[in-house]
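Peer 1: Quick one: structure below, then a few questions.
The values are calculated or read from the model by the stated rules, or taken from the named source; none is laboratory data. Being a predicted model, the structure only gives us computed values, none of them experimental. Every residue, glycine among them, receives a Cβ derived from its backbone with ideal geometry; neighbour counts consider all protein chains shown. Heads up: the accessible areas ignore ligands, DNA and RNA and are worked out on the full protein's heavy atoms, side chains in. Shrake-Rupley method; radii C 1.70, N 1.55, O 1.52, S 1.80 Å.
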Amino acid sequence: MFGPDICGLTNKVHFILKQKNPKSGEYVEHHLIDPPRVPSDKLSHVYTAILKPDNEISILIDGEAKKKGNFLSAQDFDPPIIPAKTIPDPNEKKPEDWDDRVRIPDPNAVKPDDWDENAPMEIEEMEAVKPEGWLDDEPEEIDDPEATKPEDWDDEEDGVWEAPKIDNPKCQTAPGCGEWKRPMKRNPAFKGIWNPPLVDNPNYKGIWKPRDIPNPNYFELDKPYFDPIAAIGIEIWTMQEGILFDNILIAKEENVAKSYRDTTWKPKFVVEKEKQKAEEEAAGSDDLGGFQKVVFDVLYKFADIPFLSKYKLQILDFIEKGEKQPNLTIGVLVSIVVVILTAIFMLIFSGKKQQPRVEKKTEVAADTSNDQGSSGEKPAEEEKENETGGAAPRQRRRDT
């Protein structure tokens, strides 16, 4: 399975390989880890999956490499295509006397004598006085005097007709109507349910886990197996119209896909960009809009910095809010600066230097096209190309 997916918090270009485990006989879906994001504009885009004989996979968007990985690497697919050699023993049970509580309620603690668990959270404010002019006998709502029973109303079928209620006009000029009650205030004597303080557990034995045993479903593999491609299907669920799919290509040479992309997608993309620019100018786009676009493009690059990976989703969420409401640009900048400073602070004072994620170096022809298609291919160097265009579901801007 290969292609863009935007649904709720999901925003990714999927690559999923479904492969049969030769030991268990079960088919398992293996998802590419950390796939690229889908461009957020409404232009046509072309997605490419390049599968090479050396087990390398590259995902391109509009001809630009966005993700590289290796089919047999446990860091690139979840679950790994090659299972773990050992697994926790499913038959081993935690001993009944194993205490894994780090802290426990202090057995020697005693509830203070003045602790009243029955004291309410709020009490009446006894100093309050009913305002003068309060109308005790007037209801807050009255029957609408102008309402009339509909002519087609049948009491036997529709029940007894009652006039709709309206606000009592007498209450609009008075401090209030109906029964007056003193306002409530927080009870200074409220303490809630008493609980003993926690202390270190003297019987703590640590976190229990079962011993590892050889994985009966473990197997070794030199290359992933791809079933022959018999058909291509498009799986789509959307509440928006105007999403188009065309030019799906499966080829064994990158240059074939590149040539096809250059002659079909690229000319259309250029026209769409020019049309979009003209529409923005006609709508009165000013320098501020262009400035905001540059700012958001820079922020997307910040989100890809390795030591900020822990905060990537949070940063992307801020950016998305800023794109939807341009007047919040300054607030978004401040929020992201706070996140970055927090990350730097934790990095400095944690005493541990985070290692940047190392991606396996892969060569991709500079002129390779980015296409979208289905993922099942033979191990020979093959490329799947699919072009999408039109109005897309709610999307975020691209990762750059």
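Peer 1: In whole Hz, what ³J(HN,Hα) sequence does the stretch 10-27 give by Karplus (6.51, -1.76, 1.60; θ = phi - 60°), x for Gly and Pro?
Peer 2: The phi angles translate into 7, 8, 7, 9, 5, 9, 10, 10, 9, 9, 7, 7, x, 8, 8, x, 8, 8 Hz.
Peer 1: If the limit is 28 Å between Cα atoms, which of LYS12/LYS277; LYS67/LYS273; LYS66/LYS252 go over it? Each step should come with its number before you reach the end.
Peer 2: Working: LYS12/LYS277 26 Å; LYS67/LYS273 25 Å; LYS66/LYS252 20 Å.
Distance filter (> 28 Å) returns an empty set.
Peer 1: Given the C-alpha centroids of the stretch 5-57 and the stretch 95-166, what is the distance between them in whole angstrom?
Peer 2: So the two Cα centres are separated by 52 Å.
Peer 1: I would also like to ask the following. Would you grab the residues whose amide H sits under 5 Å from the one on SER44? Only those 5+ places off in sequence or on another chain, please, with H modelled 1.01 Å from N.
Peer 2: GLY390
Peer 1: Identify the residues of the stretch 79-95 with backbone N under 19 Å of a label point that sits 7 angstrom from the Cα of ASN201 along the Cα-to-Cβ direction, or state none.
Peer 2: 93-95
Peer 1: Then there's this: Search the structure for amide H atoms under 5 Å from the amide H of SER73, placed 1.01 Å from N in the peptide plane, and list their residues when 5 or more places away or on another chain.
Peer 2: none
Peer 1: Sort 13-25, 250-262, 37-49, 144-156 by the packing proxy (mean of other Cβ within 10 Å over each peptide's residues), most packed first. Provide the component values of the computation, followed by the final result.
Peer 2: Values: 13-25: 15.8, 250-262: 18.4, 37-49: 22.6, 144-156: 8.8.
Put in order of decreasing packing, that is 37-49, 250-262, 13-25, 144-156.
Peer 1: Which residues in the stretch 214-246 have a backbone N closer than 15 Å to a point placed 7 Å from the Cα of LYS20 along the Cα-to-Cβ line?
Peer 2: From the stretch 214-246, the list is 225-229.
Peer 1: Separate question: So, taking all protein chains as they sit and a 1.4 Å probe, how much accessible area belongs to MET346, in Å² rounded to tens?
Peer 2: Probe radius 1.4 Å; accessible area of MET346 about 90 Å².
Peer 1: Output ³J(HN,Hα) for the stretch 206-223: one whole-Hz value per residue in order, computed from phi by the Karplus curve 6.51 cos²θ - 1.76 cosθ + 1.60 with θ = phi - 60°, and x for Gly and Pro.
Peer 2: x, 6, 7, 8, x, 6, 7, 10, x, 6, x, 9, 6, 8, 9, 8, 8, 9
Peer 1: Pop out the ³J(HN,Hα) list for the stretch 234-239 in order, Karplus 6.51 cos²θ - 1.76 cosθ + 1.60 with θ = phi - 60°, rounded to Hz; leave Gly and Pro as x.
Peer 2: Whole-Hz 3J(HN,Hα) from phi for the stretch 234-239: 10, 9, 9, 9, 8, 10.
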